[in-house]
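Some notes on the structure that comes next.
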Amino acid sequence: MADAGEEDVPRDAKIVKELLKSMNVEDYEPRVVNQFLELWYRYAVDVLTDAQIYSEHAGKSGIDSDDVKLAIQSKVNFSFAQPPPREVLLELAQSRNKIPLPKSVPGPGIPLPPEQDILISPNYQLAIPKRQNTQPAEETEEDEETADPNPNPNNSNPPQDRRDLPQGTPQRVSFPLGAKHPR
């Protein structure tokens, strides 16, 4: 026996409620039914739109069951990716395992691979544009001689080389990611 409120519910909403009931889902918010209906309608519109495109491409006057089947199959192919066969995965694993791992660096503590092969090595560079000089020439030269604008210890370029660069040339700076911060 149906409830009094069930009589004015659309047929599709009743179907969604029956589907939920058949899966033993009894406690849900009323908005769930609306969300299922929206998904259901959107899927149906997408499939029928694709079927119409396939029908027009084939030169047919109307949509037939083959167009709908093709549209559904294309949706399935683009929605769900199947994993490759086991043989393909085994072949890929064998080819990858032929490449030896990098040699570890001997030393105290945990043996680690070379710095270029570990994830804590610097993996980015910052482009710092050279700022415009607004000070008189004498003060600027004194400041450049006393202050090192790039305190990176790995930088092998002497300060004289930076002065020879054109005005708008960015400088490259990198920082190690594994640096420890004081607590």
Exercise for the section: For segment 27-39, state whether one or more residues are farther than 30 Å from Pro113 by Cβ, surrounded by 10 or more Cβ atoms within 10 Å (Cβ to Cβ) and either touching a Ser or Thr at 6+ places or on another chain (Cβ under 9 Å) or polar (S, T, N, Q) (or both). Expected result: yes
Practice task
Can you work out which of the residues in segment 94-118 that are surrounded by 10 or more Cβ atoms within 10 Å (Cβ to Cβ) and aliphatic (A, V, I, L, M) is modelled with the lowest pLDDT?
Solution key: Val105
Handout entry: Leu177 vs. criteria modelled with pLDDT of 55 or more, part of a loop (DSSP other than H, G, I, E, B) and on the phi < 0 side of the Ramachandran plot
Key = yes
Practice task
Only one of these is farther than 30 Å from Thr49 by Cα, modelled with pLDDT of 80 or more and either among the polar types (S, T, N, Q) or surrounded by 10 or more Cβ atoms within 10 Å (Cβ to Cβ) (or both): Glu144, Glu139, Glu91. Name it.
Solution key: Glu91
Practice task
Show the residue pairs that are 6+ apart or on different chains and have beta-carbon atoms under 6 Å apart, the first residue being within segment 36-56 and within 11 Å of Lys75 (Cβ to Cβ), the second being among the small types (Gly, Ala, Ser).
Solution key: Val47/Ala71; Asp50/Ala71; Ala51/Ala71
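The values are calculated or read from the model by the stated rules, or taken from the named source; none is laboratory data. All values reported here derive from a predicted model rather than from experimental measurement. No Cβ is skipped: glycine too gets one built from the backbone with ideal geometry, and neighbour counts run over all protein chains shown.
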